[in-house]
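Worksheet for the structure shown next.
Each value in this text was obtained by applying a stated rule to the coordinates, not by laboratory testing. Because the structure is predicted, anything quoted here is derived from the model rather than measured. Counting neighbours? That spans all protein chains shown, and the Cβs are built from the backbone with ideal geometry, glycine included.
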Amino acid sequence: MERTFAIIKPDAVERNVTGKVIEMIEAGGFKIVGMKKIRLSKCQAEGFYYVHKERPFFGDLCAFMSRGPVIALVLEKENAIADWRTLMGATNPANATEGTIRKVLGVSIEENTVHGSDAPETAAFEIPYFFNQLELV
Ligand code: ADP
Ligand code: MG
């Protein structure tokens, strides 16, 4: 079993489609072992995305991710990290495969509805950024 970290981003919370995303997560065979609704400060968003700090979109991304509440999740299944990336779809919804979350619900390359860890080391940083052990069941 493997765990990965996911976020349902502010664009999805604003449009009332968090239930649709959760339905796709469960239909995809993932167990939700942690889930909470929170609002990131700009500073907390910058800490989460620090690997992107030199990218031109960093400022806009952190403003977007802190403009309203998000749902943070820890998902568990075999091969969870790669399988969640597959279910999410490509970063740009326009390039995402049919049936993926970003294809179905994404708005733009920035407002692309969901986040997912891209490697075991990333998940190992991202899960404890949001959850403590007692919150993972
Ligand atoms: P992913 O979320 O698919 O792993 P990245 O890690 O490259 O993609 O980027 C993190 C997030 O930054 C993306 O999900 C998206 O919200 C935003 N982003 C990525 N590329 C761009 C871009 N060219 N312009 C605006 N926002 C972007
Ligand atoms: Mg990424």
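So if R0 is 25 Å, what FRET efficiency would Lys37 and Gln133 give, r being the distance between their Cβ atoms, rounded to the nearest 0.05?
The formula returns an efficiency of 0.80 here.
Would you mind computing, in nm to one decimal, how far apart the modelled labels at Asp118 and His52 are, each placed 7 Å from Cα along Cα→Cβ?
About 1.0 nm, to one decimal.
Longer than 20 Å from Cα to Cα, which of Lys53/Lys77; Lys20/Lys42; Lys9/Lys103; Lys20/Lys103; Lys77/Lys103 are they? Say none if no pair is.
Exceeds cut-off: Lys53/Lys77; Lys20/Lys42; Lys77/Lys103.
When the label point is put 7 Å from the Cα of Arg85 along its Cα-to-beta-carbon vector, which residues of the stretch 27-71 have a backbone N closer than 17 Å?
51-52
Quick check on the chain: helices-only [θ] at 222 nm, where DSSP H runs of length 4 and up contribute -39,500 (n - 2.57) each and the sum goes over total residues. Nearest 500, please.
-10500 deg cm²/dmol, from helical runs alone.
Over the stretch 23-98, one equal point on each Cα, no solvent: what is log10 I(q)/I(0) by the Debye formula at q = 0.11, 0.12, 0.22 Å⁻¹?
Evaluating at q = 0.11, 0.12, 0.22 Å⁻¹ gives log10 I(q)/I(0) of -0.37, -0.44, -1.16.
I'd like to verify something in the chain: which complete DSSP H helices, judged by Cα projection on the helix axis, reach 15 Å or more and average at least 0.0 on the Kyte-Doolittle scale?
Helices meeting the criterion: 120-130.
Can you tell me the equivalent ellipsoid semi-axes for the chain? Use √(5λ) from the Cα gyration tensor, largest first, whole Å.
20, 18, 14
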